[in-house]
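Everything on this sheet refers to the single structure shown next.
No lab work stands behind these numbers, since they all come straight from the coordinates. In this text, all values refer to a predicted model and were calculated from it rather than measured experimentally. Counting neighbours? That spans all protein chains shown, and the Cβs are built from the backbone with ideal geometry, glycine included.
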Amino acid sequence: MSGTGTLIGTAGEDAAVDWLRAEGYYICERNWRAGRYEIDIIAQRWDEVHFVEVKTRRSQGWIAPEQAVDATKIRALRRAATAYAARHRLSRYQLRFDLIAVETLPDGQRELRFVPDII
């Protein structure tokens, strides 16, 4: 992603982080990488660690953000989460995989939808 796409994606991730914090999540990592795999946000709440994929789109686009998470993306998210869990010894935590769909409206406002347990 480059240019305007990067700005839209970063703004969407910032909005997702703000929402997660407001809901009581502690943000452990942002854009954590394991080789070619990346996790947008890793957050913790209670005894759960959440691996959060953020998909940001302009409203009235070709596809909704939720539709942008396919089988390939799910596999990559699992691989990255497995590496993170092994490095950080997360065996005592329940691991969750969530999506935050962000739509940027024409007036610049953002609409967020939290989709739990995408895997």
Collect the residues in the range 92-119 that are exposed (fewer than 12 other Cβ atoms within 10 Å of the Cβ) and of a type outside the set (A, V, I, L, M), keeping them in residue-number order. Arg92, Gln94, Pro106, Asp107, Gly108, Gln109, Pro116, Asp117
So if I check each of Ala64, Ala16, Ala83, Ala71, which one is crowded, with 17+ Cβ neighbours inside 10 Å, under 19 Å from Ile118 (Cα atoms) and not polar (S, T, N, Q)? Ala16
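So, Leu77, is that one within 24 Å of Arg21 (Cβ to Cβ) and not in a strand (DSSP E or B) or not? Before the answer, list the steps.
On the way: within 24 Å of Arg21 (Cβ to Cβ): yes; not in a strand (DSSP E or B): yes.
Judged against the criteria, Leu77 is a match.
With respect to Val54, is the statement that it is β-branched (Val, Ile, Thr), part of a strand (DSSP E or B) and farther than 21 Å from Gly9 by Cα true?
So Val54 fails the test.
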Could you give me the residue pairs with C-beta distances under 6 Å whose first residue belongs to the range 87-98 and is in a loop (DSSP other than H, G, I, E, B), whose second residue is exposed (fewer than 10 other Cβ atoms within 10 Å of the Cβ) wherever it lies, and which are 6+ apart or on separate chains? Tyr93/Asp47
Residue pairs, Cβ under 9 Å, 6 or more apart or interchain, first in the range 5-24 and more than 12 Å from Thr104 (Cβ to Cβ), second surrounded by 15 or more Cβ atoms within 10 Å (Cβ to Cβ) and small (Gly, Ala, Ser). List them. Val17/Ala43; Leu20/Ala43; Arg21/Ala43
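A quick yes/no check of all residues on (1) among the β-branched types (Val, Ile, Thr); (2) under 12 Å from the mean Cα position of the chain (by Cα):
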position	(1), (2)
Glu29	no, yes
Thr56	yes, yes
Lys73	no, yes
Ala85	no, no
Tyr93	no, no
Gly108	no, no
Val115	yes, yes
